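Inspection log for the structure reproduced underneath, given as structure tokens.
The values are calculated or read from the model by the stated rules, or taken from the named source; none is laboratory data. Computed from a prediction, not measured in an experiment: that's the story for all the values here. Backbone-built Cβ (ideal geometry, glycine too); neighbour counts: all protein chains shown.
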Ligand SMILES: Cc1ncc(C[n+]2csc(CCOP(=O)(O)OP(=O)(O)O)c2C)c(N)n1
């Protein structure tokens, strides 16, 4: 568990003192760091992340992480201390109405004012956080309840709550209807998201694709569910996704959406999105079906259950000519974007070649944790993966400052894996205090700062859509390598290509945490791009086409 103590949660921390050998509590440097670490832990381990915080400012510091976990369906349980029950509503010291503040950003929240409720509430909290479509839960416990003594019958796992149905019933008529559409299709196309990972359905997805021969593309949160090298993996969807996967969305005849929610960054303009296609939507959350895109056939349920049913009913096919269309687009993108980014003409390093250097050593084995901005999109586009639960990023909320604490949690969730955080010079400065957590607890995290001396993604938009008016994006940074040294973390700065691979190797071979600052092109842009307000088929490959 990750946390930070304070007045209203002191009895819980006092009890924790007796469990030092059984429970590892990581003292973070800020509660936001605590919840992002819990998210990173949940994403790599598949278990529920736990955070403790005190009342008032401790609790409000959790809000960004709760919103992030809510939109990215991450199972987290937050336990906050609260003022004594008799002081509630009196503006007591460090009192804040955490239940109302966090209601829209939690799957469930609840205030406990009597100790007799604690055990049952916590059992419910873990059940709700992890079941069905996962999400964050917050339990607020008043100080009197923490101090009160009650008889305790032992922990009883919660397995059912009346009126809460985590997964809808699978309806066989819809499986039949979906299979019929797929079997009649000439240009079927699978787009998948994090639902595949959350449902532990990676093998089921692969079996479905391999039997049906259908090409597949992923959302940013679905990344790593299908190995990069899989022959039916066509690449990334969305605003900075690959060329073919976007354009061909508007040419497929049956679109099979699996565990994804048609986010606007994926669909672009909805009235120009896949209008020609019949849509099959597999999702555990009925509220997602028909929310943004009308489904011809809804397939409610966990895709771990629904995919095998579908696989058993689809005919073995190989859509060779259709798959070739993706490859042709890939060729065009390679010539116009990928090659020039991998081998830039001048001396200035590109973000893509840094990711490529990383790939060459990790061979797709590492967990990659990204922050938010240009570096995030470049990392998602180019990083290679050969196992699931390896890509940790803030997808829905786009929270700068996510990566450093999330990487710490990711390492606790996957202690035997190499964890590499890729962060911009702006985002790093939002939560760099968590270097102190690394220093104190020794989680081995490798940190790459892609430093373009700008708030790069905002600068790119100002260049392309605001006539080069660079308003407040020129950000200065401290000496990151010296800063890391102050926290006992080794590092170095790379300015030129000649040193990149050797520095990358030193970082990855280091048995301790390490910070690599790489100076990259100041005004490099991320392409392709579906400009806001355009359809996915209007994706552009360069600034001239915007
Ligand atoms: C907390 C937060 N504040 C503001 C933003 C808006 N925003 C999105 S990307 C970005 C720039 C990020 O700059 P940097 O971290 O240097 O990464 P780069 O884009 O240069 O790779 C900003 C300000 C955000 N996503 N999150």
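Residue-level check: of (1) surrounded by fewer than 20 Cβ atoms within 10 Å (Cβ to Cβ); (2) in a loop (DSSP other than H, G, I, E, B), residue 73 misses just (1). Out of 455, 404, one residue alone is over 22 Å from residue 45 (Cβ atoms) and crowded, with 19+ Cβ neighbours inside 10 Å. It is 455. If you filter region 357-366 down to residues that are within 21 Å of the chain's Cα centre (by Cα) and within 22 Å of residue 452 (Cβ to Cβ), you find that the one that is surrounded by the fewest Cβ atoms within 10 Å (Cβ to Cβ) is 359. Against the numbered list (1) in contact with a helix residue (DSSP H, G or I) (Cβ under 6 Å, 6 or more places away or on another chain); (2) surrounded by 16 or more Cβ atoms within 10 Å (Cβ to Cβ); (3) in the same structural domain as residue 436 (by TED's automatic domain parsing), residue 470 comes up short only at (2). Residue pairs, Cβ under 9 Å, 6 or more apart or interchain, first in region 365-393 and over 17 Å from residue 445 (Cα atoms) and outside the structural domain of residue 407 (by TED's automatic domain parsing), second in a loop (DSSP other than H, G, I, E, B) and within 14 Å of the ligand (Cβ to nearest atom). List them. Correct list of pairs: empty, since none qualify. Taking region 487-500 as the range and being over 17 Å from residue 425 (Cα atoms) and surrounded by 13 or more Cβ atoms within 10 Å (Cβ to Cβ) as the test, the residues that pass are 487, 488, 489, 490, 497, 499, 500.
Here residue 275 meets the list (1) under 13 Å from residue 192 (Cα atoms); (2) surrounded by fewer than 19 Cβ atoms within 10 Å (Cβ to Cβ) almost entirely, failing just condition (1).
Scanning region 352-399 for residues that are away from the ligand (no atom under 16 Å from the Cβ) and in a loop (DSSP other than H, G, I, E, B) returns 363, 364, 365, 366, 384, 385, 386, 387, 388, 389, 390.
Name every residue in region 341-364 that is more than 19 Å from residue 384 (Cα to Cα) and free of Cβ contacts under 8 Å to residues at least 40 places away in the same chain, in order of residue number.
The answer is 345, 346.
Might you check whether a residue that is at pLDDT 95 or above, near the ligand (Cβ under 8 Å from one of its atoms), out of contact with any helix residue (DSSP H, G or I) (no Cβ under 6 Å at 6 or more places or on another chain) and not in a loop (DSSP other than H, G, I, E, B) occurs anywhere in region 410-426? For region 410-426, residues at pLDDT 95 or above, near the ligand (Cβ under 8 Å from one of its atoms), out of contact with any helix residue (DSSP H, G or I) (no Cβ under 6 Å at 6 or more places or on another chain) and not in a loop (DSSP other than H, G, I, E, B): present. For region 475-500, residues that are within 14 Å of the ligand (Cβ to nearest atom) and closer than 17 Å to residue 521 by Cβ total 2. Tallying residues that are more than 8 Å from the ligand (Cβ to nearest atom) and out of contact with any strand residue (DSSP E or B) (no Cβ under 6 Å at 6 or more places or on another chain) within region 441-465 yields 9. Is one or more of the residues making up region 77-85 in a helix (DSSP H, G or I) and closer than 30 Å to residue 46 by Cβ? Among the residues of region 77-85, not one is in a helix (DSSP H, G or I) and closer than 30 Å to residue 46 by Cβ, which makes the answer no. Looking across region 238-248, the residues that are in a helix (DSSP H, G or I) and touching a strand residue (DSSP E or B) at 6+ places or on another chain (Cβ under 7 Å) come down to 244, 245, 248. Only a single criterion out of (1) touching a residue at least 12 places away in the same chain (Cβ under 8 Å); (2) under 28 Å from residue 45 (Cα atoms) is not satisfied by residue 103, namely (1). Only one of the numbered conditions (1) within 27 Å of the chain's Cα centre (by Cα); (2) within 11 Å of the ligand (Cβ to nearest atom) is not met by residue 472, and that is (1). Within region 455-475, the set of residues being under 17 Å from residue 544 (Cβ atoms) and not in a loop (DSSP other than H, G, I, E, B) comprises 460, 461, 463, 464, 465.
Within region 429-440, is even one residue within 9 Å of the ligand (Cβ to nearest atom) and either within 25 Å of the chain's Cα centre (by Cα) or surrounded by fewer than 22 Cβ atoms within 10 Å (Cβ to Cβ) (or both)?
Yes: region 429-440 contains one or more residues that are within 9 Å of the ligand (Cβ to nearest atom) and either within 25 Å of the chain's Cα centre (by Cα) or surrounded by fewer than 22 Cβ atoms within 10 Å (Cβ to Cβ) (or both).
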